[in-house]
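Before any comments, here is the structure.
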Ligand SMILES: [Zn+2]
């Protein structure tokens, strides 16, 4: 299996070009890769056209983090003598920020307040920030 298809490469490299001036909300998680022999998952955001080995991704492994990944490294991982990393063929590209929030259990309310899994608001919107600042 090819890890990356032509169209996906084009999209990843296009996002690499704009990556410096953009934010997570403006990026698409183009490709989802997963390991057969662990619960590691990579949601690819960019690929450097000048160094196609350099991928940037949301990585779900020991933690959920943003980081660079080597394509050659992913391709060379083996499990029982077959390639250990596969592309999820059913993955539909989705907004990188929405994906990041979902993976981290972050809910964004309509007003803009962000709350974590247990419902704690950790990033209030402007309106609620001001309300909290008013002394009781
Ligand atoms: Zn709010």
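Quick look at the numbers
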| item | result |
| --- | --- |
| Any hit, the stretch 127-136, residues being surrounded by 14 or more Cβ atoms within 10 Å (Cβ to Cβ) and under 29 Å from residue 11 (Cβ atoms) | no |
| Selection count, the stretch 118-132, where residues are touching a strand residue (DSSP E or B) at 6+ places or on another chain (Cβ under 9 Å) and under 18 Å from residue 105 (Cβ atoms) | 5 |
| Strands (runs of 3 or more DSSP E) enclosed by the stretch 37-136 - at least 1 residues per element that are under 16 Å from the mean Cα position of the chain (by Cα) | 41-48, 51-60, 64-70, 85-87 |
| Qualifying residue in the stretch 94-109 (condition: modelled with pLDDT of 95 or more and more than 29 Å from residue 119 (Cβ to Cβ)) | no |
| Tally of residues being surrounded by 12 or more Cβ atoms within 10 Å (Cβ to Cβ) and not in a helix (DSSP H, G or I) across the stretch 7-30 | 5 |
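Yes or no, residue by residue, for (1) away from the ligand (no atom under 14 Å from the Cβ); (2) farther than 22 Å from residue 27 by Cα; (3) assigned by TED's automatic domain parsing to the domain that holds residue 45:
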| position | (1), (2), (3) |
| --- | --- |
| 91 | yes, no, yes |
| 94 | yes, no, yes |
| 97 | yes, no, yes |
| 109 | no, no, no |
| 112 | no, no, no |
| 121 | no, yes, no |
| 124 | no, yes, no |
| 127 | no, yes, no |
| 130 | no, yes, no |
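The values are calculated or read from the model by the stated rules, or taken from the named source; none is laboratory data. Everything numeric here is computed off the predicted structure, so don't read it as measured data. Positions of Cβ are backbone-derived with ideal geometry, glycine not excepted, and every protein chain shown enters the neighbour counts.
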